[in-house]
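None of the figures in this text is laboratory data; all of them are computed from the coordinates on show. Everything numeric here is computed off the predicted structure, so don't read it as measured data.
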Amino acid sequence: MRKVRIAVLVSGGGTNLQTLIDAAEKGDINGEIAAVISDNENAYALERARKHGIKAIYINRKQLAERLIIELQRLDIELVVLAGFLSILDRELVKAYEGRIINIHPSLIPSFCGKGFYGERVHKAALEYGVKVSGATVHFVDEGTDSGPIIFQEAVPVYFEDTSETLAARVLQVEHRLLPAAVGLFCEGRLRIEGRKVKILKEEV
C-alpha cells in the first residue's frame with residue numbers, strides 16, 4: 001500500500017512530532033513524513049526533522065496564510081498534523097484539506113479549549129477550576145478552534161498537589177500514544193467522519 005504523505009506543523013520542541021517520526025520509521029503507520037513546517041524559526045522541531053532527513057521549513061507568521069497552502073500542495077501532502085502549532089490556519093487551507101487535518105489538544109474537549117487555550121494555559125485553567133480529571137483529545141480540524149470531530153480522547157487524573165508542569169507531563173504521555181494511533185488509522189483509511197462523530201472502521205482481514 002502506498003504511504004500517505006504527511007506534513008507536521010509545530011511551533012515548539014516537537015515531542016509529539018518525534019513520536020510520529022518514530023512510528024513512521026518503525027512502520028507502525030503507513031505514512032511518510034514529507035515535511036515539518038514551523039512558524040518559529042528557532043523551534044527544536046525543525047532540528048528533529050533535519051536529524052531524520054525530513055524537509056524542515058520555516059514560514060514567518062506574516063506569510064503563513066499565503067505560503068503554507070502553496071508548500072503543502074507543492075509537496076503533494078495528503079494529511080496535515082498539528083502537533084503544538086500555535087498559529088490559526090487560514091480558512092482557505094482548512095477548506096482545501098477538509099477531513100485531512102488532525103490536531104492534538106491537551107484537555108478533554110469541549111473543556112478548556114478554543115481561543116486562548118494552548119500550552120500551559122490549558123493546564124493552569126484546569127487546575128484553577130478544580131477538575132478531578134483532564135486528558136488529551138485528538139480531533140479533525142474544522143473552521144472553528146478546537147471544534148472539529150473527535151477521533152480519540154483519554155482521561156488522566158488530576159491530583160490536589162498538581163502543578164501545571166506535573167499535569168502537563170501526565171497528559172503528554174497520553175498525547176504521545178493517541179496521536180500516532182490516530183494518524184495510523186487515517187493512513188489505513190479507517191477513519192470516517194459522520195456529522196460530528198468519527199467512526200473507526202474495522203481492520204480488513
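What percent antiparallel are the DSSP beta bridges of segment 4-200, to the nearest 5?
Values: 15 of 34 bridges.
Counting only bridges with both partners in segment 4-200, antiparallel ones make up about 45 percent.
For the chain, the membrane-span-like helix rule (DSSP H, alpha carbon extent of at least 18 Å along the helix axis, mean Kyte-Doolittle at least 0.5) picks out 164-187; this says nothing about an actual membrane.
Straight-line cross-link partners of LYS62 among the lysines, defined as a Cα under 26 Å from its Cα and at least 8 positions apart when in the same chain: LYS95, LYS115.
For GLU32, the residues whose amide H sits under 5 Å from its own are VAL4, ARG5, ILE6, ignoring neighbours fewer than 5 places away on the same chain, with H placed 1.01 Å from N. Which shape class applies to segment 1-120: rounded if a/c is under 1.5, otherwise prolate when a/b exceeds b/c and oblate if not, where a ≥ b ≥ c are the square roots of the Cα gyration tensor eigenvalues? The shape class here is rounded. Note on LYS202: lysines with a C-alpha under 25 Å away, same-chain residues under 8 apart excluded, are LYS3, LYS26. Annotation: amide H-H contacts under 5 Å for GLU154 (H modelled 1.01 Å from N, sequence separation of 5 or more, or interchain): ALA136. Entry note: segment 4-200 has Rg to Rh equal to 0.95, where both radii use alpha-carbon atoms and Rh is the Kirkwood radius.
For the residues ILE101, ILE151, ILE57, a GNM of the chain with alpha-carbon springs under 10 Å puts the largest fluctuation on ILE57.
Compute the Cα gyration tensor for segment 105-205, then decide on rounded, prolate or oblate, letting a ≥ b ≥ c be the square roots of its eigenvalues: rounded whenever a/c is under 1.5, prolate when a/b is larger than b/c in the other cases, and oblate in all that remain. It would help to have the intermediate numbers written out before the result.
Details: a/c = 2.67, a/b = 1.76, b/c = 1.51.
Prolate, since a/c reaches 1.5 and a/b exceeds b/c.
When the chain is treated as a GNM with alpha-carbon contacts under 10 Å, the residue of GLU128, GLU66, GLU188 showing the greatest mean-square fluctuation is GLU128. Highest mobility in the GNM of the chain, judged by mean-square fluctuation with C-alpha springs under 10 Å and restricted to THR137, THR163, THR15, is found for THR163.
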